[in-house]
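The values are calculated or read from the model by the stated rules, or taken from the named source; none is laboratory data. Keep in mind it's a predicted model, so treat the numbers as computed, not measured. Cβ: placed from backbone, ideal geometry, glycine included. Neighbour counts: every protein chain shown. Accessible surface is based on the protein model in full, side chains and every heavy atom, while ligands, DNA and RNA are left aside. Shrake-Rupley method; radii C 1.70, N 1.55, O 1.52, S 1.80 Å.
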Amino acid sequence: MMKVDHIGIATRQLDEALTIWRDALGLEIDSTEEVTDQGVRVAMMPIGESHIELLEPLNENSPVGKFLEKRGPGIHHVAIRVADIHAALAQLKEKGTRLIDETPRLGAGGCLVAFIHPSSSNGVLLELVQRQ
Ligand code: ZN
């Protein structure tokens, strides 16, 4: 039962990004929150069974702030929903995958999340998400 949970998009300012996603495309904001742990402000917009996750850095030194400085706005990560994040991490580790998070942490919306290093996944930062 894996699904694409959301696609994370790095943006300098949520308001700027909303002119396309909300105003032009017509998506609606489900929730907005600050995830201080990751130095980011997040706006979640449902699209079908998935979400677009807009990410605005709270400071330049946050992971998204550094991403923007290096590459500019764009797709930051792809998030895959799993039923059991501990089991998924154990399986990836067994297969030799390079993990950023060996153990899950608390993400937006109170989900458990863990990131997989892009060097193990074709240059794409992957996030595992287990919804409670
Ligand atoms: Zn995400």
Over the chain, give the accessible area per residue in Å² for a 1.4 Å probe, as an integer.
57 Å²
Nearest 500 deg cm²/dmol is fine: what mean residue ellipticity at 222 nm does the chain get from its DSSP H runs of n ≥ 4 alone, each adding -39,500 (n - 2.57), divided by its residue count?
-5000 deg cm²/dmol
Quick check: Cα centre of the stretch 112-130 to Cα centre of the stretch 1-72, how many Å?
16 Å
Under unit Cβ charges (Lys, Arg +1; Asp, Glu -1), what dipole magnitude, rounded to 20 debye, does the chain have relative to its Cα centre?
500 debye
For the chain, percent of DSSP beta bridges that are antiparallel (nearest 5) comes out at 75 percent
Among Lys3, Lys93, Lys70, what's the order by accessible area (1.4 angstrom probe), most exposed first?
Lys70, Lys93, Lys3
For the pair Glu69 and Arg131, what calculated FRET efficiency results from E = 1/(1 + (r/R0)^6), where r is the Cβ-Cβ distance and R0 = 35 Å, to the nearest 0.05?
0.65
Keeping all protein chains in the complex and leaving out DNA, RNA and ligands, what accessible area do you get for Ile7 with a 1.4 Å probe, in Å² to the nearest 10?
50 Å²
Mind ranking Asp23, Asp5 by accessible surface for me, highest first, 1.4 Å probe?
Asp23, Asp5
Let me check something: with ligands and nucleic acids excluded, how do Met44, Met2 order by accessible area (1.4 Å probe), largest to smallest?
Met2, Met44
Taking Cα pairs under 8 Å and at least six residues apart, what relative contact order does the chain come out at, in percent?
25 percent
Reported to the nearest 10 Å², His86 has, with a 1.4 Å probe, an accessible area equal to 110 Å²
What are the aspartates and glutamates whose alpha-carbon lies under 17 Å from the alpha-carbon of Lys70, with same-chain residues fewer than 8 places away excluded?
Glu56, Glu60
Nearest-10 value in Å² for the accessible area of Asp30, using the 1.4 Å probe
100 Å²
